[in-house]
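Working notes, beginning with the structure itself.
The values are calculated or read from the model by the stated rules, or taken from the named source; none is laboratory data. This is a predicted model, so every value here is computed, not measured. Note: ideal-geometry Cβ built from the backbone for every residue, glycine included; neighbour counts use all protein chains shown.
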Amino acid sequence: MENATNADIIHHVQDIQMTRAQNNELKHIDFFSGAGGLSCGLEQAGFKPVFASDIEPVYAETYCSMNTETEFSKGDIRDLRGASILKKLGVKRGDIDLVAGGPPCQGFSINAPIRSLNDQRNHLFKDFLRLADEIFPKLILIENVPGFISLGNGTVIKKVYEVLGEMGYRAEHKILFAAHYGVPQLRFRTIIIASRISSKIVFPEPTHNANGIANFKGGKELCYKIHPLSEKKLQSKPKVWDAISDLPDLIPGKSDGIFNYNGKIVSEYAKQLRKGSEKIYNHSANRLAPINLARLEHIPQGGSWRDIPHELLPAGLKRARRSDHTKRYGRLDPNGLCSTILTKCDPHWGSFFHPYKNRVLSVREAARIQSFPDKYIFKGNLTEQYEQVGNAVPPFMAKSIGKCLAKMITSA
């Protein structure tokens, strides 16, 4: 590689490692798979999903339609047994490369009305770890919301480490910021990586120059900080308009969600997500109530509920301080990052108004901002489609993590 820069050499080495991973066909299992954002990204990093499980029927329908060769179990994880999974796959304990998953996060979220150890959803991680022990993969990946590490003053994360240690794994965790990996979104996730094959655990370094406020416990200590001297070495931050500018306009409540691509200029980001798709799917949005349309008329790009005349505000926001609820009723800045995509693109929850149109983001626009490829088609009604997109791990983020995991395996 004559005249190659350090970055060229690093990418060349990563490509070689990726090829090795793909040739070896690294196998992974995805519990609490949802619609498959984690599997989608990990597969791009060289991991083949051989088994997946989720309890929600419509999530299962989407996952199976996108992963036709993957064995899937639709039902309660507490009913699964590792020995049965291994037998079905025709492999032995210890053969699987990675067990990954995100136990339900609602009870851990800092946005939850009540965060309690009594929330039964908060104990499903025990069955995830039980199955991981029965399968005994080389690596284990657990993803969740930042609040996962602070629930019960750290009781949950301490228990996870204790159990992983008893299983023979060394573990580390960080809070990763999706925008650092090219996702145009203010989304933080707790990532735990556990290994029984390597003493060195590797997390993906930021590839994009983006910043977000980590206003939660552990944010300052566990999140990557981009040093000013490193900024020029990184790619420009991802932008909302890069993700959605090429998508056609729609009439809320009157679209079947299927469109042809038009002749608009396409960003590099959109080019990546268009690959393999001949049409646009799931490009539908909820209709806004007349009162929200009236409010929206007053909100500029990057603005929020503070720009709405007092007499038009919802009752709760009439009593709010100007420093509260900074993202609610927000119109997106096309050159900025989107709010965390949630299970509803509801303006009362965050900044989900289109930068230029008087409507909320469509399912496909939300999926683009989550970095799902256009060929990924979400099943179910509109509400269920939004839920699947909002609950998912952004594939670009999962891919970056997967590259590190593949490197750990191939270099062990």
- Quick check: anything in the stretch 97-116 in a helix (DSSP H, G or I) and modelled with pLDDT of 85 or more? no
- Subset of the stretch 135-152 (residues that are outside any strand (DSSP E or B), closer than 26 Å to residue 83 by Cα and of a type outside the set (D, E, K, R)): 135, 136, 137
- Unique match (being within 17 Å of the chain's Cα centre (by Cα), under 16 Å from residue 365 (Cα atoms) and small (Gly, Ala, Ser)) among 253, 182: 182
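One line per residue, one yes/no per condition, for (1) at pLDDT 95 or above; (2) among the aromatic types (Phe, Trp, Tyr); (3) farther than 29 Å from residue 350 by Cα:
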residue	(1), (2), (3)
148	no, yes, no
180	yes, no, no
217	no, no, no
244	yes, no, no
- Query: Can you tell me which residues in the stretch 259-296 are outside any helix (DSSP H, G or I) and among the aromatic types (Phe, Trp, Tyr)?
  - Reply: 259, 261, 281
- Query: Given the conditions (1) modelled with pLDDT under 95; (2) under 22 Å from residue 373 (Cα atoms), which single one is not true for residue 23?
  - Reply: (2)
- Item | Members of the stretch 355-375 that are part of a loop (DSSP other than H, G, I, E, B) and without any contact (Cβ under 8 Å) to a residue 60 or more places away in the chain | 356
- Note on the structure: By residue number, the members of the stretch 263-309 that are surrounded by 20 or more Cβ atoms within 10 Å (Cβ to Cβ), closer than 17 Å to residue 239 by Cβ and not hydrophobic (A, V, I, L, M, F, W, C) are 269
- Task: Identify, from the list 324, 333, 346, the residue that is within 21 Å of residue 238 (Cα to Cα) and of a type in the set (Asp, Glu).
- Result: 333
- Task: State whether the residues of the stretch 156-166 include one that is modelled with pLDDT of 95 or more, part of a strand (DSSP E or B) and at negative phi.
- Result: no
- Take the stretch 321-351 and flag every residue that is crowded, with 23+ Cβ neighbours inside 10 Å, part of a loop (DSSP other than H, G, I, E, B), hydrophobic (A, V, I, L, M, F, W, C) and touching a Lys or Arg at 6+ places or on another chain (Cβ under 9 Å). 337, 341
- Please specify each residue of the stretch 47-96 satisfying the condition of being part of a loop (DSSP other than H, G, I, E, B), over 19 Å from the mean Cα position of the chain (by Cα) and in contact (Cβ under 8 Å) with a residue 24 or more places away in the chain. 70, 80, 81, 91, 93, 94, 95, 96
- Message: Looking at the stretch 53-96 only, could you name the residues that are among the polar types (S, T, N, Q) and either at pLDDT below 95 or touching a Lys or Arg at 6+ places or on another chain (Cβ under 6 Å) (or both)?
- Response: 62
